[in-house]
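Working notes, beginning with the structure itself.
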Amino acid sequence: MTSEPEQQIGVGTQDAFQRLWTPHRMAYIQGENKPTGPGADDGCPFCSIPAKSDEDGLIVRRGEHVYAVLNLYPYNGGHLMTVPYRHVADYTDLTGPETSELAELTKQAMTALRTASGAQGFNIGMNQGSVAGAGIAAHLHQHIVPRWGGDTNFMPVVGHTRVLPQLLADTRKMLAEAWPAVA
């Protein structure tokens, strides 16, 4: 569908680009709901999410030490994070059982994403500390980002916008249903 460019007097240089406005992202950009300090009681979202229902918290799977949750500001559809329940900032401070379960839930997340959405690859990792890019550095979390051939398009580059094909609530339900049974 094409349309004539809308002339916007006084708001920039007129061009042929259409605008896709994503005002909900401003909360992320401005740091709304970010912790006010390093402690668990300083507004840490990863500490408060487990108290919510799976649907309200976007939790896909709960383990004994770690849970899997959808990212509120995903890089791609199905972007999950594995998060220890315990408020811990550094990977080296995890206990053996926490480390094992973090790895196991990551493997299960990959299986669920392949089953539910045909993911062809993954970016998996964690940023340790704010200088390394951690948005919430006080509470360790590992990202599992599904990838598909051709999933990088012009929108993030030109429009600084990610296009997600599904609502997060629907993605959570789909992945929870596709999560592998644990023996």
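Assorted remarks:
- Efficiency of FRET between residue 90 and residue 52 - r from beta-carbon atoms, R0 22 angstrom, step 0.05: 0.30
- Region 95-102 - phi-based ³J(HN,Hα) in whole Hz, Karplus 6.51/-1.76/1.60, Gly and Pro as x: 6, x, x, 5, 4, 4, 6, 4
- Residue 85 sits with roughly 70 Å² accessible to a 1.4 Å probe, with DNA, RNA and ligands left out of the calculation.
- Largest accessible area first, the listed residues 122, 46 line up as 122, 46 when surface is computed with a 1.4 Å probe on the assembled protein chains.
- Computed label-point distance, nm, for sites residue 147 and residue 176 using a 7 Å Cα→Cβ extension: 3.0
- Nearby lysines by direct alpha-carbon distance to residue 173 (threshold 23 angstrom, same-chain neighbours under 8 apart not counted): 52, 107
- Taking a Cβ cut-off of under 14 Å around residue 108, the surrounding Lys, Arg, Asp and Glu residues balance to a net charge of 0, with basic ones at +1 and acidic ones at -1.
- Nearest-10 value in Å² for the accessible area of residue 70, using the 1.4 Å probe: 10
- Taking all protein chains as shown and a probe of 1.4 angstrom, residue 61 keeps an accessible surface of around 80 Å².
- Ordering 129, 77, 144 by the projection of their Cα atoms onto the charge dipole of region 55-157, which places +1 on the Cβ of Lys and Arg and -1 on the Cβ of Asp and Glu, puts 77 at the extreme positive end.
- Applying 0.36 nm per residue to the separation of residue 120 and residue 132 and subtracting their alpha-carbon distance, the gain on full extension is 1.6 nm.
The values are calculated or read from the model by the stated rules, or taken from the named source; none is laboratory data. From a predicted model like this one, the values you see are computed outputs, not experimental measurements. So basically every Cβ, Gly included, is an ideal-geometry build from the backbone, and we count neighbours across all protein chains shown. For accessibility, only protein heavy atoms count, side chains too; no ligands or nucleic acids. Shrake-Rupley method; radii C 1.70, N 1.55, O 1.52, S 1.80 Å.
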